[in-house]
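Trainee: Below are the structure tokens for one structure; questions will follow.
The values are calculated or read from the model by the stated rules, or taken from the named source; none is laboratory data. Bear in mind that the values here come from a model prediction, so they are computed numbers and not experimental data. Here the Cβ is made from the backbone with ideal geometry for all residues, glycine too, and neighbour counts use every protein chain on show. When the accessible area is computed, the model is the full protein with side chains, heavy atoms only, and any ligands, DNA or RNA have been set aside. Shrake-Rupley method; radii C 1.70, N 1.55, O 1.52, S 1.80 Å.
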Amino acid sequence: MKPSMDSILTKQIHNSDDIFQMLNSKEDERKKLFEYAAKIKKETVGNKVYFRGLIEYSNICAKDCYYCGIRKSNKKITRYTMSDTEVIDAVKYAHKENYASIVLQAGEISSPQQTKNITNLLNQIAKATNNELGITLSLGEQREETLKEWKNAGARRYLLRIEASSPELYSKIHPDNPMHKIETRIETLKLLQKTGYQTGTGVMVGLPFQTAEDLVSDIEFIRDNNIDMVGLGPYIEHKDTPLYSLRNTLLPQKERFDLSLKMIAILRIIMKDINIAASTAMQAIDKIGREKALKVGANIIMPNLTPVKYRESYLLYEDKPCIDEEAEECKNCLEARIVMAGDEIGYGEWGDSKRFFARQKHA
Ligand code: SAH
Ligand code: SF4
């Protein structure tokens, strides 16, 4: 007989079968899962939601991930890189509005010039904001020296999604060449931890070929690698990518969304003190998707600070929300939504991952 949801939820250590059962929960069982995740969130990280102002710095990318709208081979988009002044303006806005943290994200370019550009930007950001912003980078795989240089220039967190932790699935959604190796991605995650970054990872949910077992392994990967922050969300097809041809094999978007919510709840329950983002892709499928994610365990939101003129060119997937709203409108609408979800905003606080400090203590 399968164990009851109540007995699974309160276990200290969850095995694959437990995770599988939580992921497959329906109706009453799923309700219990969500309620328990909300309780754990309240008890461990509290009801504060922290903002990370997202700056989509450049859509130039050297990689060709089969799922992504800004992949190198997509010739249909206009490529851009924000000027330093545009970045600093966005950063100053975040600072003025007490966001306390920003994320600098872009396609993956690994070159001495890129290293220099980012270091330079980090120095300017520190100067413009009195060193008061918590800076997260999301710039793909980089060499150890580069990661160290950026850390020394003020970056404190780094997001690098593993995308799919199963090597088999990873190889199906990426080209087969040395630039797209899961081993390098895993090594980079380890390097980030070693270099002292608060390290974030995550996956896409509902990818072609993905099984429930893959998702269970994804959760175990995140747990077993002692990750500090998680950003996960539904895979959303993009018509100018190779995976689009498999759109008829996908789960309906609503199911991808529901599975993502369950993934968030399970991670909150089994990792407790990590930071979990309510990703923009959740909102792309469901208008109040991010609020639903906050209710079941997420505690981070990334309002978009990219100038509107670039947003059309940073469409990682289709139906990306808020592509025509300036930062101010985004903020007002978000505030109301968060309060509606029963949370409050941690203005002026970095909202670091509690898990990170626990990890440092035991290192
Ligand atoms: N180039 C960097 C950061 C930018 S991409 C990197 O790849 O790490 C940021 C994230 O967008 C990726 O990690 C991926 O998980 C997500 N993404 C890309 N295409 C997507 C799609 N079609 N649906 C959902 N998420 C997608
Ligand atoms: Fe480039 Fe990141 Fe998109 Fe891959 S997911 S193509 S690395 S921007």
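Trainee: Output the residue which, of all residues in the range 133-160 that are assigned to a loop (DSSP other than H, G, I, E, B) and not aliphatic (A, V, I, L, M), is farthest from ligand 2 (Cβ to nearest atom).
Mentor: At the first step, the residues of the range 133-160 found to be assigned to a loop (DSSP other than H, G, I, E, B) are 133, 139-143, 153-154, 160.
Pick out the ones that are also not aliphatic (A, V, I, L, M) and you get 140-143, 154.
Values: Gly140: 5, Glu141: 8, Gln142: 12, Arg143: 16, Gly154: 23 Å.
Across the range 133-160, the extreme among qualifying residues is Gly154.
Trainee: A further question on this structure: Among the numbered criteria (1) closer than 24 Å to Thr81 by Cβ; (2) among the hydrophobic types (A, V, I, L, M, F, W, C); (3) in a helix (DSSP H, G or I), which one does Leu315 miss?
Mentor: So Leu315 meets the others, but not (3).
Trainee: Of everything in the range 45-61 that's more than 15 Å from ligand 2 (Cβ to nearest atom) and open to solvent by 40 Å² or more (accessible area, probe 1.4 Å), which residue is farthest from Gln114 (Cα to Cα)? Let's see the steps before the verdict.
Mentor: Taking the range 45-61 and keeping what is more than 15 Å from ligand 2 (Cβ to nearest atom), we get 45-53.
Now restrict to residues that are open to solvent by 40 Å² or more (accessible area, probe 1.4 Å): 47-48.
Details: Asn47: 38, Lys48: 35 Å.
Among residues in the range 45-61 that are more than 15 Å from ligand 2 (Cβ to nearest atom) and open to solvent by 40 Å² or more (accessible area, probe 1.4 Å), the one farthest from Gln114 (Cα to Cα) is Asn47.
Trainee: Would you check if Gly231 is within 16 Å of ligand 2 (Cβ to nearest atom) and open to solvent by less than 10 Å² (accessible area, probe 1.4 Å)?
Mentor: Here the answer is no, as Gly231 does not meet what is asked.
Trainee: Something else about it: I'm checking my understanding of the structure. Among residues of the range 141-153 that are within 16 Å of ligand 1 (Cβ to nearest atom) and surrounded by fewer than 22 Cβ atoms within 10 Å (Cβ to Cβ), which one is farthest from Glu97 (Cα to Cα)?
Mentor: Arg143
Trainee: Modelled with pLDDT under 95, of a type in the set (A, V, I, L, M), within 26 Å of Asp218 (Cα to Cα) and not in a loop (DSSP other than H, G, I, E, B): is that true of Ala358 in this structure?
Mentor: The answer is yes for Ala358.
Trainee: In addition: Hey, any hits in the range 310-328 for a residue that's basic (Lys, Arg), open to solvent by 10 Å² or more (accessible area, probe 1.4 Å) and at pLDDT 95 or above? Give the steps one after another, and end with the answer.
Mentor: So in the range 310-328, the residues basic (Lys, Arg) come out as 311, 320.
Still in the running and open to solvent by 10 Å² or more (accessible area, probe 1.4 Å): 320.
After this cut, where a residue has to be at pLDDT 95 or above as well, the list is none.
Within the range 310-328, not a single residue is basic (Lys, Arg), open to solvent by 10 Å² or more (accessible area, probe 1.4 Å) and at pLDDT 95 or above.
Each row is one residue, and each column tells you yes or no for (1) charged (D, E, K, R); (2) touching a helix residue (DSSP H, G or I) at 6+ places or on another chain (Cβ under 6 Å); (3) within 16 Å of ligand 1 (Cβ to nearest atom).
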residue	(1), (2), (3)
Lys42	yes, no, no
Arg52	yes, no, yes
Ile60	no, no, yes
Gly69	no, no, yes
Lys75	yes, no, no
Gln105	no, no, yes
Glu108	yes, no, yes
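Trainee: If you go through the range 62-121 one residue at a time, how many are in contact with a strand residue (DSSP E or B) (Cβ under 6 Å, 6 or more places away or on another chain), of a type in the set (Phe, Trp, Tyr) and open to solvent by 40 Å² or more (accessible area, probe 1.4 Å)?
Mentor: 0
Trainee: Picking from Met204, Met179, which residue would you name as being open to solvent by 10 Å² or more (accessible area, probe 1.4 Å), modelled with pLDDT of 95 or more and in contact with a strand residue (DSSP E or B) (Cβ under 8 Å, 6 or more places away or on another chain)?
Mentor: Values: Met179 fails: in contact with a strand residue (DSSP E or B) (Cβ under 8 Å, 6 or more places away or on another chain).
The match here is Met204.
Trainee: Okay, moving on. Please work out which residue is nearest to the chain's Cα centre (by Cα), limiting yourself to the range 182-201 and to residues that are open to solvent by 40 Å² or more (accessible area, probe 1.4 Å) and within 14 Å of ligand 1 (Cβ to nearest atom).
Mentor: If we take residues in the range 182-201 being open to solvent by 40 Å² or more (accessible area, probe 1.4 Å) and within 14 Å of ligand 1 (Cβ to nearest atom), then Ile186 is nearest to the chain's Cα centre (by Cα).
Trainee: Between a first residue in the range 1-23 that is of a type in the set (Asp, Glu) and a second residue that is open to solvent by 10 Å² or more (accessible area, probe 1.4 Å) and at pLDDT 95 or above, which pairs have beta carbons less than 7 Å apart while being 6 or more apart in sequence or on different chains?
Mentor: From the range 1-23, the pairs are Asp6/Lys32; Asp18/Lys11.
Trainee: Report the residue count in the range 30-58 for those that are under 17 Å from the mean Cα position of the chain (by Cα) and part of a loop (DSSP other than H, G, I, E, B).
Mentor: 1
Trainee: Looking at Lys272, is it within 24 Å of Thr199 (Cα to Cα), modelled with pLDDT of 85 or more, open to solvent by 30 Å² or more (accessible area, probe 1.4 Å) and in contact with a helix residue (DSSP H, G or I) (Cβ under 6 Å, 6 or more places away or on another chain)?
Mentor: For Lys272, the condition - within 24 Å of Thr199 (Cα to Cα), modelled with pLDDT of 85 or more, open to solvent by 30 Å² or more (accessible area, probe 1.4 Å) and in contact with a helix residue (DSSP H, G or I) (Cβ under 6 Å, 6 or more places away or on another chain) - is met.
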